[in-house]
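The structure under discussion appears below in the form of structure tokens.
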Amino acid sequence: MEFPPKFPPKFAPIRPTKISLMEVLTMAIEALWSNRLRTSLTMLGVIIGIASVITVTSVGQGVQKATEQQIQALGTNVMLVLTGVARTGGISQGTGTASTLTWEDSQAIAQQVPAAEAVTAFLQRGGQVVYGDQNDSTSILGVELNYPSVKEIYPKEGQFFTQEDLESARSVVVLGSKVRSDLFPIGAPAIGETVRVQNGRYTVIGVMEAKGSVGGQDQDDRVYVPLTNMSSQLVGNTSVNGRAISGFWLKAADPTQLEAAQFQVTNLLRIRHNIYPPKPDDFRISNQIDIINTFSSVVGLFTVMVSAIAGISLIVGGIGIANIMLVSVVERTREIGIRKAIGATNSAVLNQFLTEAILVSLLGGAMGVIIGVGLAFTAALLFSFPFVISLTSIGAGIVLALTVGLIAGVIPARNAAQLDPITALRSD
């Protein structure tokens, strides 16, 4: 015996309908498009956060690479030894202010340090260079003949000093490229002209190639005179133990020899200067690799710090998405009730609202990536450093955007899915 159905067919309960992923995606896009202004404002926080992260990361890497290239152009197998610190009333006057190194020290280093391929001493002071009615305040370097080969900077016009210039302390000068452009009109010859360096008259015999700035020092804003001339005529500063210098550059055969060279130079100078523990050294040693590592560390920390700040804006964007989605649930309560009344399951409603949140985040992330790359490229052009974009940072930005959307959409989506259809239909 067949029993009649519990309900007449026309009153049979509506069976929950399964909704495909494509249908969920279509409904989410339609809902976002119908509220374009709200969607745009919701994406704004994500756009700003992702663009900031990519721009800051790219600029930091570009500046770091540019600095490394500049330092490497000066030689990664080069080490600098500077004089010690003068103190007045217990107050340090800064590195290089005491006359603790001599030309004889550098010559001893060149002869007795096996790791040293070449050593060149220098004496440096600030001063005025005058040509006609043009006056330029610059750095004056007294150097030896092998300075160009050690520092890898050579004359673009004319020539460098000769052995005779050095031995006779001849009043000749080689100009840096910036000093030449400051003193002489474009196209006007500089070689053979006479300029006034401090109070002396010097004949220009060469102009150095452009090297740019490294560590805040413009390598082109300087002039070069023979070390003997600088010491005797411009500075007149001598030491009890010999001719005083500001320091010297040591060139090793390759970068792997720098550590050995530093050890050997330190021990030899301590012996020559009668320095024994606990007496401090009266000189300071640094090499290009140390400079690169230090600068890379500083730039890396700065990039991390600013990226963290940009990440905070991304979190704020996620909070904005959550707020807007919560408001959207309240505004669409009646719509949710109708959908559930005609068979939409809790999971279908949950998926739709979650999809909307993820779409907003992904769209914002994609736009943020495009804007961030554009800003990074513009900055590289304006400030003349390499344009560096890491695929890792772009991938991380997209993943961050997806994560923010997923997290920000969970609670609003759950609230929408748990709405009672009868209560939802009664709402205004």
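The values are calculated or read from the model by the stated rules, or taken from the named source; none is laboratory data. As the structure is a computational prediction, the values presented were derived from the model and not from experiment. Ideal geometry is used to build each Cβ from the backbone, glycine not excepted, and the neighbour counts take in all protein chains shown. Surface accessibility is based on the protein's heavy atoms, side chains included, excluding ligands, DNA and RNA. Shrake-Rupley method; radii C 1.70, N 1.55, O 1.52, S 1.80 Å.
Some notes on this structure:
- Computed FRET value (nearest 0.05) for L381 with I271, which takes r as the C-beta separation and R₀ as 60 Å: 0.65
- Entry comment: accessible area of region 120-171 is 46 Å² per residue, from protein heavy atoms only and a probe of 1.4 Å.
- By definition, a body whose alpha carbon gyration tensor gives a ≥ b ≥ c is prolate when a/c is 1.5 or more and a/b is larger than b/c, and region 112-236 fits this prolate description.
- Amide H contacts under 5 Å for E117, placed H, 5+ residues apart: K251, A252, A253
- Projecting label points 7 angstrom from Cα along Cα→Cβ for Q134 and T403 puts them 5.7 nm apart.
- Subtracting the Cα-Cα distance of A341 and D420 from 0.36 nm times their residue separation leaves 27.5 nm of extension gain.
- Remark: the S297-L25 segment gains 93.4 nm on full extension, using 0.36 nm per residue and subtracting the alpha carbon distance.
- Given R0 = 41 Å, the distance between the Cβ atoms of D254 and I312 translates into a calculated FRET efficiency of 0.35.
- The listed peptides 138-149, 351-362, 161-172, 104-115, ordered by packing as a protection proxy, come out as 351-362, 138-149, 104-115, 161-172 (highest mean of other Cβ atoms within 10 Å first).
- Integer Hz, Karplus 6.51/-1.76/1.60 couplings in order for region 207-212, x for Gly and Pro: 10, 7, 5, 6, 10, x
- A full extension of the chain between K156 and R334 corresponds to an added length of 56.1 nm, given 0.36 nm per residue minus the alpha carbon distance.
- Amide H contacts under 5 Å for Q219: G212, S213, V214, restricted to partners 5 or more places along the chain or on a different chain, H placed in the peptide plane at 1.01 Å from N.
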